[in-house]
Amino acid sequence: MSSNADELVSKKPFQVLPSDGYTTLKLIGTLPYEVGKEFTEALAQLVTSSTFIVVNCEHLNGLPAAWLRSLTQLATQLKPSDKKICLIMVKPELKKAVEAQSVQNLVHIAGTLKEALSLFGMNKARTVDVNFIKPFVMGAQNVLKIQASTESKPGKPYSAHSRDKFPGDISGVIGLVSDAFTGAVVISFPGETFLKIMSRMLGEEFKVLTPEIQDGAGELTNIIFGQAKIALNESGYGIKTAIPSVVSGPGHSISGTGQGPRVVIPFETDCGQFFIQICLSD
């Protein structure tokens, strides 16, 4: 069995993942009898606490009777208060099963999180909440600790304008293509900080930003992005794999990062500062 399969099996068969304005209910496999009560209690909480519920069915081929019964009860309880429930990432076999049970008038079906949020009338494409930022913070801390034996401490996130220059002398850039929004993730380093980090990573001292060393900015960005992507996709964001690039030069600008909101997370290390920016399209 693959490591991904092992990870899925080891997890609880459902996860409740709160987000800004909605809650994702992720279903995995089947609902064992021993966790049925816990699942029912979790659904009861959703009735009182959530306006919109997204059910991520990515890991379901069919809908076991226990899941369907509980979800139908949830949808019935939500309907009088005009709350909505929407299934996403629904495979053809599962869609047929839902249609066969004649519950379409109680639950909606959408292909992606973006479509579900549109159905709910939510403009999620223009917001970046703490749940989206956190995986990048944790990814950066983990990658630098493992790859460069460097501890990093995040500062307070702040907003930047889409016209602002990127801080530092070199940036790794990777496209952010998601079921919820598009944009880019940019990780920027002052030259001195970057050279110290690369020296630790590669085990030899570097004092000049050569083209070969500059590629390391893209590699670091790719690894951090990859770790964050795993966590975010578990919440239903549907972020796609992308190829990083590198831009360098003092006060450099980067095209294609979007004209929407930009959130900057500064980090402190004993090598110096660096910055992660999450840039969204309009």
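Laboratory data are not the source of any read-out in this text; all were calculated from the coordinates shown. Bear in mind that the values here come from a model prediction, so they are computed numbers and not experimental data. Ideal geometry is used to build each Cβ from the backbone, glycine not excepted, and the neighbour counts take in all protein chains shown.
Given the Cα-Cα distance of D129 and I254 and 0.36 nm per residue of separation, how much length would full extension add, in nm?
Full extension of this stretch gives 42.7 nm more.
So for the pair T76, E212, with labels modelled 7 Å out along Cα→Cβ, what separation do we get in nm?
Distance between the two pseudo-spin positions: 6.9 nm.
Determine ³J(HN,Hα), in whole Hz, for all residues of the range 137-142 in sequence, where each value follows from phi through the Karplus function 6.51 cos²θ - 1.76 cosθ + 1.60 and θ = phi - 60°; x replaces Gly and Pro.
In residue order, the calculated couplings are 4, 5, x, 5, 4, 5 Hz.
Ranked highest first by the average count of other Cβ atoms within 10 Å around their residues, in what order do 139-152, 265-278, 38-51 fall? Before the final figure, lay out the partial values.
Numbers: 139-152: 17.5, 265-278: 19.4, 38-51: 14.7.
Packing order, densest peptide first, comes out as 265-278, 139-152, 38-51.
So if R0 is 41 Å, what FRET efficiency would K153 and T112 give, r being the distance between their Cβ atoms, rounded to the nearest 0.05?
For R0 = 41 Å, the calculated efficiency reads 0.70.
Under 5 Å between amide H atoms, partner at least 5 residues away or on a different chain: which partners does G168 have, H built in plane at 1.01 Å?
G251
Hey, got the dipole for the range 126-280? About the Cα centre, +1 on K and R Cβ, -1 on D and E Cβ, debye to the nearest 20?
Using Cβ point charges on Lys, Arg, Asp and Glu, the range 126-280 gives about 440 debye.
Rounded to the nearest 500 deg cm²/dmol, what is the calculated helix-only ellipticity per residue at 222 nm for the chain, with -39500 (n - 2.57) per DSSP H run of length n ≥ 4?
-12000 deg cm²/dmol
Between K145 and V47, what is the FRET efficiency for a Förster distance of 45 Å, r being their Cβ-Cβ separation, to the nearest 0.05?
With a Förster radius of 45 Å, E is 0.60.
How big is the equivalent ellipsoid of the chain along its three axes, where each semi-axis is √(5λ) from the Cα gyration tensor, reported in whole Å from largest to smallest?
Rounded to whole Å, the semi-axes are 41, 20, 15.
Can you sort E58, E205 by how many other beta carbons sit within 10 Å, fewest first?
With the fewest neighbours first, E58, E205 line up as E205, E58.
Per residue of the range 243-251, what does 6.51 cos²θ - 1.76 cosθ + 1.60 with θ = phi - 60° give for ³J(HN,Hα)? Whole Hz please, x for Gly and Pro, Karplus curve as stated.
9, x, 9, 10, 10, 9, x, x, x
Nearest 20 debye, what's the magnitude of the dipole of the chain about its Cα centre given +1 on Lys and Arg Cβ and -1 on Asp and Glu Cβ?
Charge dipole of the chain: 800 debye, to the nearest 20.
Pick out, from A116, I276, V173, the residue whose Cα sits farthest towards the positive end of the charge dipole of the chain, with +1 on the Cβ of Lys and Arg and -1 on the Cβ of Asp and Glu.
A116
Relative to the longest principal axis of the chain, what angle (0 to 90°, nearest 10) does the C-alpha long axis of helix 36-49 take?
Result, in degrees: 80.
What is the calculated FRET efficiency for K240 to Q15, with r their C-beta to C-beta distance and R₀ = 22 Å, to the nearest 0.05?
0.55
Checking the table K165/K240; K84/K153; K37/K156; K37/K229 against a 28 Å threshold on Cα-Cα, which pairs fail?
Those over the limit are K84/K153; K37/K156; K37/K229.
Once both labels are modelled 7 Å past Cα along the beta-carbon direction, what's the R200-V35 spacing in nm?
Label-label distance for R200 and V35, simple model: 3.7 nm.
For labels at A100 and A160 in the simple 7 Å Cα→Cβ model, what's the distance in nm?
With each label placed 7 Å out from Cα toward Cβ, I get 5.3 nm.
With Cβ to Cβ distances under 12 Å as the rule, what net charge do the other residues near G175 carry (K, R +1; D, E -1)?
Result for the local shell: +2.
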